[in-house]
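The numbers here are math on the coordinates, done by the rules we state, and not lab data. The structure displayed is predicted, hence computed values, not measured ones. Quick reminder, even Gly has a Cβ in these numbers, built from the backbone with ideal geometry, and neighbours come from all protein chains shown.
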Amino acid sequence: VLTCSDTLQQSITNFHYIKNKSETLYNQVDLGWIETGKEIRGKLKLNSNNIAIGTIAQICYRKGIDIFIAAAIASLEENPNLRFFIIGPDGVNEEEFSMKIRKDISDSDFAEKITLLGSRDDIPDLL
């Protein structure tokens with residue numbers, strides 16, 4: 001049994017029965033590539049007062065993009081310096097959901113502050 005943390009192992013009921021058959025694999029992702037990112041705030045039209053918040057995900061229901069948009073709108077009502085970005089393609093067979101998301105953004109008072117960037121190959125720059 002593989003787990004990603006000791007905390008997860010501790011949460012497994014009767015773990016002691018399988019302890020000898022288990023192993024924890026800590027973050028197996030090489031995060032060094034993030035350090036290759038370049039400054040792109042200007043390209044995103046962000047000034048020094050803007051706080052960028054984003055998600056990297058397909059635009060689909062199971063990723064909670066509708067919740068992200070609702071939270072963005074509520075947050076922008078409190079802090080107009082926030083800027084929200086969604087990085088990723090439309091989800092497969094999620095055309096209606098994607099159109100609803102776009103409509104929700106355009107119908108809001110904050111359409112210019114919530115941006116769909118689509119698929120990108122410069123993720124380290126965005127982080």
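Details
- Proximity of backbone amide H atoms, modeled 1.01 Å from N, is registered between Leu82 and Ile51 at under 5 Å, excluding neighbours fewer than 5 places apart on the same chain.
- Average Cα contact separation per residue, the chain, under 8 Å, 6 or more apart, as relative contact order %: 28 percent
- When you filter the trypsin sites (Lys or Arg not before Pro) in the stretch 38-93 for DSSP loop state and at most 11 other Cβ atoms inside 10 Å of their Cβ, you are left with Lys38, Lys43, Lys45.
- Compared with the dominant principal axis of the Cα atoms in the chain, helix 95-107 is inclined by about 50°.
- Using the alpha-carbon positions of the chain, Rg (one decimal) and Dmax (whole number) come out as 19.2, 57 Å.
- For the chain, modelled as a GNM whose springs connect Cα atoms under 10 angstrom apart, the maximal fluctuation among Phe15, Phe97, Phe84 occurs at Phe15.
- Folded to 0 to 90 degrees: helix 65-78 orientation relative to the chain principal axis, Cα: 60 degrees
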